[in-house]
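Okay, so here's the structure we're looking at.
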Amino acid sequence: MISLARSEMTKLLSARSTWIIASVTILGTWPMAWANSAPATGDPSDSELLFSSVPIPAEYQGFDMAGFGYVLVVILAALRAGSEYGGGMQIRTTLLATPRRLGVFVTKAALLAVAIAAIAFVTMTGTIMIAHASGEDRISPWALTPPIWASIGGVVLAWTLTGLIAFALGILARTMIVPLILIVPLIIGVGDFLAGFWDSARYLPTTAGAAMYNDTTTGFYLDPGLGGTVLAGWAVVSLIVSASVFCRRDL
């Protein structure tokens, strides 16, 4: 099992896509956080001259930047699931070296989860610190409040669990295309759009996950605990089905 973990970790860390996506996620989100939070006109955030005179509560400022990285980690997960089924069919070599398929599946999923969680934590911690450093809420970027840390944890969980769903779908379909088609549109707005007029859409994976780091007092999202439970349920069911199929089929 240790040799399997080392092998899969080497694959993950030696893939250029892993480092490219991680770098773009972190270095792309941080400047956007500064540009979005810094006052462009010199007017206070509640000025009637601005487009919206209702400021975002301080504990949720900066979390609107989560969508950019959300898409990228789903792409990373889809790549990790579908890459071994490409032209070279590397999955054949993997399964010949390690016939215990469930171990292969669990190891791949676990390492992916750790990678996404690390990317999410670094990205969003830096993003929120930058947002408060450049904003007007007087919250020290070096002394974030417990609710802010809870929301950062919510982003980490949302990205990680959604990434695992994308991974499971990619293994099922043996391609990265299917999870991208099914999940990315939900992240970039389709999920929130549907939730605006269809209450059941709040139980979609990405919309449920967003409840863990958005202002739930608006009535748009589920309770954070319920949202996390719903997203975890989606992830667990997806992984169980995917693992079962992976262990039973030829490749």
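Just a few scattered comments:
- Only listed residue being in contact with a helix residue (DSSP H, G or I) (Cβ under 6 Å, 6 or more places away or on another chain) and either among the aromatic types (F, W, Y) or free of Cβ contacts under 8 Å to residues at least 12 places away in the same chain (or both), chosen from F220, F246, F193: F246
- Filtered by the rule that a residue be over 18 Å from I75 (Cβ atoms) and either at pLDDT 90 or above or part of a helix (DSSP H, G or I) (or both), the range 15-56 gives W30, P31, A33, W34, A35, N36, S37.
- Restricting the range 75-101 to residues that are more than 24 Å from the chain's Cα centre (by Cα) and β-branched (V, I, T), the residue that is nearest to F246 (Cα to Cα): I91
- Qualifying residue in the range 197-208 (condition: part of a helix (DSSP H, G or I), under 12 Å from the mean Cα position of the chain (by Cα) and in contact (Cβ under 8 Å) with a residue 40 or more places away in the chain): yes
- Taking the range 223-240 as the range and being open to solvent by 50 Å² or more (accessible area, probe 1.4 Å) and out of contact with any helix residue (DSSP H, G or I) (no Cβ under 7 Å at 6 or more places or on another chain) as the test, the residues that pass are L226, T229, V236, V237, I240.
- First in the range 65-81 and within 15 Å of T207 (Cβ to Cβ), second anywhere and open to solvent by 10 Å² or more (accessible area, probe 1.4 Å) and aromatic (F, W, Y), Cβ under 8 Å, 6 or more apart: A66/Y213
- Filter pass, L182 being part of a helix (DSSP H, G or I), more than 14 Å from M124 (Cβ to Cβ) and not hydroxyl-bearing (S, T, Y): yes
- Taken over the range 144-179, the criterion of being assigned to a loop (DSSP other than H, G, I, E, B), under 23 Å from D223 (Cα atoms) and of a type in the set (S, T, Y) is satisfied by T145 alone.
The values are calculated or read from the model by the stated rules, or taken from the named source; none is laboratory data. For clarity, every value in this text was computed on a predicted model and none was experimentally measured. Note that we place each Cβ from the backbone using ideal geometry, even for glycine, and neighbour counts take in every protein chain shown. Just so you know, the surface numbers come from the protein's heavy atoms only, side chains and all, with ligands and any DNA or RNA stripped out. Shrake-Rupley method; radii C 1.70, N 1.55, O 1.52, S 1.80 Å.
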